[in-house]
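Shown next, in C-alpha cells, is the structure this report addresses.
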Amino acid sequence: MSRPRGTVATVVVAILALVWLFPLAWALLNSFRDYGYTQANGYLSFGGWTLDNYRQSWEQGRFGLHFKNSVIITVPAVLLTLWLSSMVAFVLARFSYRFNLTLLGIFLAANLLPPQALLIPVFRLFREIPLPLFMSDSGSMLNSFWSLILVNTAFQMGFCTFVLSNYMKTLPHEIYESAMLDGASVWRQYWQLTMPLVRPALAALATLQVTWVYNEFFWATVLLQQGDKFPITSALNNLRGQFFTDTNLVAAGSVVVALPVLVVFFALQKQFVSGLTLGSTKG
C-alpha cells in the first residue's frame, strides 16, 4: 500500500475506533456522576462526581449473589464445551471415514438455528426431565443451573468443534506416526500429544466462550424462575425503577458487570492472539 493510501486508511480506522469507543467512554464517564446533577445541568456538563453509583448498584443489584451464580454457570459450561469439542475435533481431524463431514455438520447445526426457534421445545423438554431435589429445587431441569450449563454447552460445541478440528488438521501427521510406533493409544495421543499442542487455540476459544456464556441473557430468563438464581446480566434489571431509570446507576452497574470479562481477556490476550494467528501462514 502506498504512503497516501496508508495514511488515509489509518485515519479512517482511527475515526471508526473513536466512534466505537465513544458510547463506552460516555457510559464510564457518567457512571461517576450524580443523576440529579446531570438532570439539572445536562449530560454535556461536567461535575457532580461521585462513587455512590457503584456502591448503590452493588447493593441494589445484589451483585455478590449474581456474580456467584454466573461463575457457577460459566466455568462448568466453558470447561465442558472445550473438553467435548476437543474430543470430537480430534476424531474429525485424525480419522477419515464416510460420515466425517456429516458429523461436523450436525455439530454446526446448533449454530445455524436461532435460539428463539427452540424456546418452546427446550422449555417443555427440561420441564419433563426429573432431577433430585439436591440438584434442583423444582425437581426438574427448570430453575436449575444445570439447564443453563447444558444449553450453553450444546449451542457452543459446534463452533468450538469446527475451530479445533481445522486447527488439529494443521498438526504434522509424523508426530502421530511416531507415537503409534511407540505404542501410544488413541486416548494418549489425544490427551498427552494433541491437547498440549492446541493450547493456544483452547485459550482463544476459552476467551470467547467466557464472554459469550457470561453475557448470555436469553436462556437465563426462560429457564430460571427464581430471581436468586439469575446470572449477573439479568441482575441489571434490578437497577431499573418502577417509574424512571437512573441511567448513571445502570452505567455503573454495567461497568461492574463488564470487569470480569475484561480481566479474562487481558489475562489471556497473548494466548488469544497467538491462537488466532498461528497456522495462518501454513500452506
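Couple of notes before you dig in:
- Listed by first and then second residue, the pairs linking a residue in the range 178-202 that is at pLDDT 90 or above and assigned to a loop (DSSP other than H, G, I, E, B) to a residue that is surrounded by 15 or more Cβ atoms within 10 Å (Cβ to Cβ) and of a type outside the set (Lys, Arg), with Cβ atoms under 6 Å apart and 6 or more places separating them unless they lie on different chains, are 198/167.
- Given (1) more than 30 Å from residue 193 (Cβ to Cβ); (2) in contact (Cβ under 8 Å) with a residue 24 or more places away in the chain; (3) part of a helix (DSSP H, G or I); (4) touching a Leu at 6+ places or on another chain (Cβ under 7 Å), index of the condition residue 127 fails: (2)
- Entry remark, the range 127-177: residues being under 16 Å from the mean Cα position of the chain (by Cα) and either more than 29 Å from residue 112 (Cβ to Cβ) or among the small types (Gly, Ala, Ser) (or both) number 2 in total.
- Condition check for residue 136: modelled with pLDDT of 90 or more and either of a type in the set (Gly, Ala, Ser) or not in a helix (DSSP H, G or I) (or both): no
- Residues (exposed (fewer than 12 other Cβ atoms within 10 Å of the Cβ), of a type in the set (Phe, Trp, Tyr) and assigned to a helix (DSSP H, G or I)) located in the range 1-52: 20, 22
- Listed by first and then second residue, the pairs linking a residue in the range 130-154 that is on the phi > 0 side of the Ramachandran plot to a residue that is of a type in the set (Ser, Thr, Tyr), with Cβ atoms under 7 Å apart and 6 or more places separating them unless they lie on different chains, are 143/136.
- Of everything in the range 189-245 that is β-branched (Val, Ile, Thr) and more than 21 Å from the chain's Cα centre (by Cα), the residue that is surrounded by the most Cβ atoms within 10 Å (Cβ to Cβ) is 194.
- Contacts under 8 angstrom Cβ, first residue in the range 50-78 being more than 13 Å from residue 228 (Cβ to Cβ), partner outside any helix (DSSP H, G or I) and of a type in the set (A, V, I, L, M, F, W, C), 6 or more apart: 50/32; 51/32; 53/32
The values are calculated or read from the model by the stated rules, or taken from the named source; none is laboratory data. What you see is a predicted model; the values in this text were computed from it and never measured. Virtual Cβ from ideal backbone geometry, glycine too; neighbours counted across all protein chains shown.
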